[in-house]
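For reference, the structure discussed in these notes is given below.
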Amino acid sequence: MNNVHPKKDMSRGAFLKTSGMVAAGISPLPASLMSTIKNNSLAGQLYINGIAGYAIVIPAQATAVEQEAASQLQHYLFGMSKVNLPVVAESDYTGKTAIYLGQTRYAKTNKFDFGKLQEDGYAFKPVGKNFVLAGGSGKGVLYGVYGLLETLGFRKYTSDYTKIPTGNAISFPKEDVVDVPFVKYRTTSYRDTRDPEYTNWHHLSSRDNWGLFVHTFDALLSPDEYGKSHPEYFSQINGSREPGTQLCLSNPAVVDVVVANLIKKISANPAPLYWSVSQNDNDQHCQCDNCKALDKKYGDVPSGSMLFFVNKVAKQFPDKIISTLAYWYSRSAPKNIQAEKNVNIMLCNIESKRQAPVYDTDPAFANDLKDWGKLTSNILIWDYNIQFSNLVSPFPNLHTIKPNIKYYTENNVNSLFMQSNSQAGGEMAGLRAYLICKLMWNPEADDKAIIDDYLNGYYGAAGPFIRQYIDQMHDSLINTKFQLSIFGDPIDAKDSYLSVEMLNTYKQLFDKAEQAVAKDAAVLKRVQIARLPIMYAEIQIGRQEVDTPRSLYMHTADGMVALRPVMKTLLTQFVDRCKEEGVTRLRERSTSPDDYLQSYQRIFTKMDEMGSVLSYKKKIIPVTQPGKTSAGVEGLTDGIFGSWESWSNPDAHWIGYEGEHMDFVLDLGAVKTLTSVNMDFLNAQAQPDWNLLVLPKFVSYSTSGDGVAYSEPITVTNPHDPNPKVNPDIATIAVQSFQADLKGVNARYVKVHAESLLKLPAWHIRTGKAAWIYSDEIVVK
């Protein structure tokens, strides 16, 4: 570990500076703990149970974990008291009072049962004036030190903010304590959990124990290596083999290749216990006759061939755990087959709604969990606490975390991965990480008390207002019966928990929160970061409306569309704060804060030019029709441009055509002199080989004075190969302009044809599906 530990002569100020800690009072601590931390008038001593002269004693042959545990205890007690307790090997200790850490002879003499602590558990035992802290075979003793510090009032709220009480006297627990978690594998993916000390403090399991982690079919059998020579190794879709989709699980040669490659990977990295042999992140499972026969045999579900295949692989690695996904098309359990003893099922509930516990919102998942429980006792739940398409967005699901975790453990799940927003700036990311860690360790813990402890400790005087914000949003979600999706958008909730009235309430609460800590720059910044999701929601909802109190757009007295200045200021402030906080993405696979701003700057620039645009508010005569989920053709001349930072569902100001060429005629109302015509088309930045939206092959324009005789078309070709395997830079193209110079043509009508791919090509994950093309405006000057 790379923790900074104080030298014995380090000043308290220097210690606090190097460790990033902040000393704090003990007012937020429970009353039962207040009496254990006292100030003592005598300097230079640390009084434990009223006695000075303690040492931290570790075994003579202490392990690295025991040494780390001792160092951390010394480190934090120094931060509190300015006193370094000496760390002494048991064989050298001659004192009378000590804190014994780890598997000391003293602990064994006092009949400590280390076996019952398993890997991560720990125990406290007062023995006379001495105190014994022991842990299991893994990091138990280190977890025990952090658990002890928490009983003394220490808190690690985030990776860079540790709250430590002041004083030079403590009292250790007077009763024996044994704390062994039921959930053996515990992990989440918030930014704070990248920090090793935060991870250990909150008793999280290490990802180092995984050699390969999910969606590994391509890593174990590469389509680049085998796609041309052995297409039969891959999924058969609509009669043809499609390398890069999934594997053909009934093909014995596929088992051989996967096993051979897994042997190589394990030989290169033998330490990890878990190795994932799992489907790629798409739904294109093999439809060949043999795979379908396996699925039919084992319950008529795609997980039948999956478990059959993974069992075969697992038999070759009896000393490793082979993990596979029960996800999407493979979520439902098969029948007439058992998982091998060394097979781990990673069961995912990506479909479940989040406004209530998953057993209420997704009974089918609850049944799947029970069905998998009949086939194996080795289940890891992959749960979701994230809104993929809007990472910095209000997502009021805090009230569901405890009941979900309790439900999993009540169904004998002993491994959890709580997927979350790994980016900075997600709504209450620090609180969510803190709460999830506490509940995975102890599902019976009081979640409301944990939330209050965090809010008051981390936000100080602003805490009560932020608590009201959380509660008000929760109540609005429940009262409006809104269904919360992990693929949702603030726009979806604009009449629910993000209504005009509720947004005003939240803003007022944050105003009060900022006022309460206005004189403390560090805490004020935390409050301002907590406000980011509300700012984001205002922008996202505002861009969908015109001439409302919260809209981004308004009409001026002369009928032109303009930007509301207050919203432009809000956007700039939001982006600036995101960058200050280190936010790198606003969506799962795309959109940095700079990209977000540039997307809107394109809108601002183009709207500033609308005064010279001849096509504004002019009539569109459709030849082909937009897709059913798109806005109508009138949006092509309404003067409002679309934001291009879309994840999967484009801004409503983009007009989309599904499986159709875009064909229409623009009527300018009278013959005009035209110099140029342009249409911008939207491109998929997130997973171009997955998203259904593509650029047109070309766009052609022809003009007419009478609507009967048209000029020869001017064709503007798309310069980009849409295949990301051939052209990976396609993911960097947000918008492509198709502009033609008309050289002073006199015309009333402009006929437009945008040539769609119509169906997605062979290189696309969803080959054969209808392709979408999107444009926001036709601009004629």
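The values are calculated or read from the model by the stated rules, or taken from the named source; none is laboratory data. Nothing here was measured: the structure is a model prediction, and the numbers come from that model. When we count neighbours, we look across all protein chains shown, and the Cβ atoms used for this are built from the backbone with ideal geometry, even at glycine. Calculation scope for accessible area: heavy atoms of the full protein, side chains included, ligands and nucleic acids excluded. Shrake-Rupley method; radii C 1.70, N 1.55, O 1.52, S 1.80 Å.
Protection proxy ranking for 131-143, 465-477, 572-584, using the average of other Cβ atoms within 10 Å per residue and placing the highest first: 131-143, 465-477, 572-584. If I fit a long axis through the Cα atoms of helix 252-268 and take the longest principal axis of the Cα atoms of the chain, what angle between them do I get, 0 to 90°, rounded to 10? That helix lies at roughly 50 degrees to the long axis.
When each of the peptides 121-129, 247-255 is scored by the mean number of other C-beta atoms lying within 10 Å of its residues, the order from highest to lowest reads 247-255, 121-129.
The helix-based estimate of mean residue ellipticity at 222 nm for the chain, built from -39,500 (n - 2.57) per DSSP H run of four or more residues and divided by its residue count, is -9500 deg cm²/dmol to the nearest 500. Inter-part distance, the stretch 524-544 to the stretch 209-249, computed on C-alpha centroids, equals 42 Å. Relative to the longest principal axis of the Cα atoms of the chain, helix 398-410 runs at roughly 60 degrees. Note on residue 129: lysines with a C-alpha under 22 Å away, same-chain residues under 8 apart excluded, are 38, 96, 108, 111, 174. Is the stretch 142-189 best put as rounded, prolate or oblate by its Cα gyration tensor, with a ≥ b ≥ c the root eigenvalues, rounded for a/c under 1.5, and otherwise prolate when a/b is larger than b/c, oblate when not? Taking the square roots of the gyration eigenvalues as a ≥ b ≥ c, the stretch 142-189 is oblate.
Per residue, the stretch 113-207 exposes 33 Å² of accessible surface when a 1.4 Å probe is rolled over the protein heavy atoms with every protein chain present.
Solvent-accessible surface of the stretch 61-105, averaged per residue with a 1.4 angstrom probe and all protein chains in place: 41 square angstrom.
When only the Cβ of Lys, Arg, Asp and Glu is charged (+1, +1, -1, -1), the dipole of the stretch 152-205 relative to its Cα centre reaches about 160 debye. Nearest-5 percent of antiparallel DSSP beta bridges in the stretch 53-138? Bridges in the stretch 53-138 are about 40 percent antiparallel. Take the stretch 492-584, compute every pairwise Cα distance, and split them into 10 Å bins from 0; I just need the percent in each bin. The percentages, shortest bin first, are 15, 41, 32, 10, 1. Can you tell me the orientation of helix 521-530 relative to the chain, as the angle in degrees between its alpha-carbon axis and the longest Cα principal axis, to the nearest 10? Approximately 50 degrees, to the nearest 10.
Each principal axis of the Cα atoms in the stretch 319-454 has its own extent, and those three values, largest first, are 47, 31, 31 angstrom. The convex hull of the Cα atoms of the chain, projected and averaged over all directions, covers 37.8 nm². Residue-wise HN-Hα couplings along the stretch 674-689, as the Karplus relation 6.51 cos²θ - 1.76 cosθ + 1.60 with θ = phi - 60° gives them from phi, are 10, 10, 7, 9, 9, 9, 8, 10, 7, 10, 7, 8, 8, 6, x, 8 Hz; Gly and Pro carry x.
If you sort the three axes of the alpha carbon gyration tensor as a ≥ b ≥ c, you get a/c of 1.5 or more for the stretch 129-214 and a/b no higher than b/c, which makes it oblate.
A 1.4 Å probe run over the protein chains yields, for the stretch 606-671, 41 Å² of accessible area per residue, whole-number rounding. Each residue of the stretch 757-767 was assigned a 3J(HN,Hα) from its phi angle through the Karplus expression (A = 6.51, B = -1.76, C = 1.60, θ = phi - 60°), giving 5, 6, 10, 6, x, 5, 6, 7, 4, 9, 3 Hz with x at Gly and Pro.
For the stretch 591-655, rounded, prolate or oblate, judged on the Cα gyration tensor with a ≥ b ≥ c (square roots of eigenvalues), a/c < 1.5 rounded, else prolate if a/b > b/c? Taking the square roots of the gyration eigenvalues as a ≥ b ≥ c, the stretch 591-655 is oblate. If both residues of a DSSP beta bridge must be in the chain, then about 60% of such bridges are antiparallel.
Across the stretch 85-185 the C-alpha pair distances fall into 5 Å bins from zero in the proportions 3, 12, 21, 22, 20, 13, 7, 2 percent. Start at zero, step by 5 Å, and the Cα-Cα distances of the stretch 542-601 spread as 4, 17, 23, 21, 16, 11, 5, 3, 1 percent across the bins. Evaluated at q = 0.15, 0.16, 0.19 Å⁻¹, the base-10 log of the normalised Debye intensity for the stretch 251-368, with identical point scatterers placed on the Cα atoms, takes the values -0.72, -0.81, -1.06. 3J(HN,Hα) couplings calculated from phi for the stretch 568-577 with the Karplus curve 6.51 cos²θ - 1.76 cosθ + 1.60 (θ = phi - 60°) are, in sequence order, 5, 5, 4, 4, 4, 5, 4, 5, 4, 5 Hz; Gly and Pro show x. Taking only protein heavy atoms and a 1.4 Å probe, the accessible area of the chain is 50% carbon and sulfur.
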